[in-house]
Amino acid sequence: MSVSLDAIGPIAFIGLGHMGAPMAARLASCGASLRVHDLRGDLVERFVAAHGGIAATSLPAAVDQAAFVIAMLPDDAAVRAVMLGDRGVAASLPSDAIAIDMGTSSPESTMAIAADFARLGLAYVDAPVMGGVPFARDGTLDVMAGGGSGAVERCLPLFGVLGRRTWRCGASGSGHALKAIANFVNAATFIALLEAMTIGKKFGVESAFMAEALAAMCTGRQHPLEKKILPQVLTRRFDTGMAMGLIAKDVAIAASLAHALGARSPMADATRALWQEAAARYGAGRDQAEVVRLWEDGAGVEL
């Protein structure tokens, strides 16, 4: 699909690290008028030589007359310094322009910065991305956007070049909230798989075989999101056909096996404890999908 950004107005891109550089290059390849800035001048020079654009030696020089300012920075402190520092984005941003934080920041910090921008009459959008460098290069990131609906709407052409889908999350901070949640799910799933495969390897099951089998049995249509959360939890049907006590028993077998083998199993131990708690509290004969009540009752919300 051919997309052109030549009519969208100047874009300032701040931060040319591992993700920022390919994202900025993607924008440049679609005709964006770019001014790029980074604390490391060599990264700026390298980028301009490879992709064009204007090298900005300071934040004011990058931001002046920009229609959009995109920041791809490592943490809250860097974002706050760039956005609200003495010579930061807010000090030079045109009143009709939009500042966008596309890195991974905390929702609390994002909400505070957005409030400061609002007091100055400026628009601020949080739009972190999901995916790695290859997805940044080919424009297939997932973009999670939070902020005022009008500001997010104006950003959609940019997000459409950078990503395969823009998830419009809601108010300021909601994009970063979803990003943190998604990373938590991925991180927890990753180490759960590593722990499970280590237990299996310790028992004598071959690693590549386990990976193939687990991909077939635990992903796609077998994944809890597709098999349990969407059709059972969100609909409140709670009718998977498997009792909570049976899942608790099965997890206990895995945890006990790990202990017998001398394999490290903190995830299995914690999972066993949670399922046993749910079975004791709600009834071992209740459907496994009702385990959600353990979290709903603790948080005072219903999925």
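What follows draws every value from the coordinates through simple rules; no lab data is involved. Note that the structure is a prediction, hence the values are computed from the model and not measured. Neighbour counts run over all protein chains shown; Cβ positions are idealised from the backbone, glycine included.
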**OP:** Could you name the lysines whose alpha carbon sits less than 27 Å from that of K227, not counting residues in the same chain fewer than 8 places away?
**Re:** K179, K249
**OP:** Per DSSP H run of at least 4 residues, take -39500 (n - 2.57); add these up for the chain, divide by its residues and hand me the 222 nm value, nearest 500 deg cm²/dmol.
**Re:** -16000 deg cm²/dmol
**OP:** Using the number of other C-beta atoms within 10 angstrom as an exposure proxy, rank C30, C218, C169 with the fewest first.
**Re:** C218, C30, C169
Subject >> Likely footprinting exposure, W275, W167, fewest C-beta neighbours within 10 Å first >> reply: W167, W275
Original post:
Among A260, A81, A177, which one moves the most in a GNM of the chain with springs linking Cα atoms closer than 10 Å?
Top reply: A260
Original post:
What is the extension gain from D6 to M217, computed as 0.36 nm multiplied by their sequence separation minus the C-alpha to C-alpha distance, in nm to one decimal?
Top reply: 71.2 nm
Subject >> Read-out Cα Rg over 2.2 N^0.38 Å, derived from the coordinates shown; its label in (1) 0.94; (2) 1.22; (3) 1.72 >> reply: (2)
Original post:
So how compact is the stretch 74-133: Cα radius of gyration and Dmax in angstrom?
Top reply: 11.3, 35
Original post:
In nm, what is the difference between 0.36 nm times the number of residues separating I54 and L120 and their Cα-Cα distance?
Top reply: 21.0 nm
**OP:** Only helices at least 20 Å long along their axis, Cα-based, and averaging 0.0 or more on Kyte-Doolittle count here, so list those DSSP H runs from the chain.
**Re:** 174-203, 244-261
**OP:** Determine the principal axes of the Cα atoms in the stretch 122-209, then give the extent along each, sorted from largest to smallest and rounded to whole angstroms.
**Re:** 59, 26, 14
Original post:
What's the FRET efficiency of L261 with A91 using the Cβ-Cβ distance as r and R₀ = 41 Å, to the nearest 0.05?
Top reply: 0.10
Subject >> Volume per residue that the Cα convex hull of the stretch 1-146 spans, once the total is divided by residue count, Å³ >> reply: 101
Original post:
Taking Cα pairs under 8 Å and at least six residues apart, what relative contact order does the stretch 179-299 come out at, in percent?
Top reply: 29
Subject >> Interchain or long-range residues, amide H under 5 Å from F13's placed H >> reply: R35, V36, H37, I70
Original post:
On full extension of the chain, what length is gained from M197 through E45, given 0.36 nm per residue of separation minus the C-alpha to C-alpha distance?
Top reply: 50.2 nm
Subject >> R0 of 25 Å, Cβ-Cβ distance S29-N186: FRET efficiency to nearest 0.05 >> reply: 0.30
**OP:** Could you work out how far apart the two model spin labels at R281 and F209 are, taking each label as a point 7 Å from the Cα in the direction of the beta carbon, and quote it in nm?
**Re:** 4.0
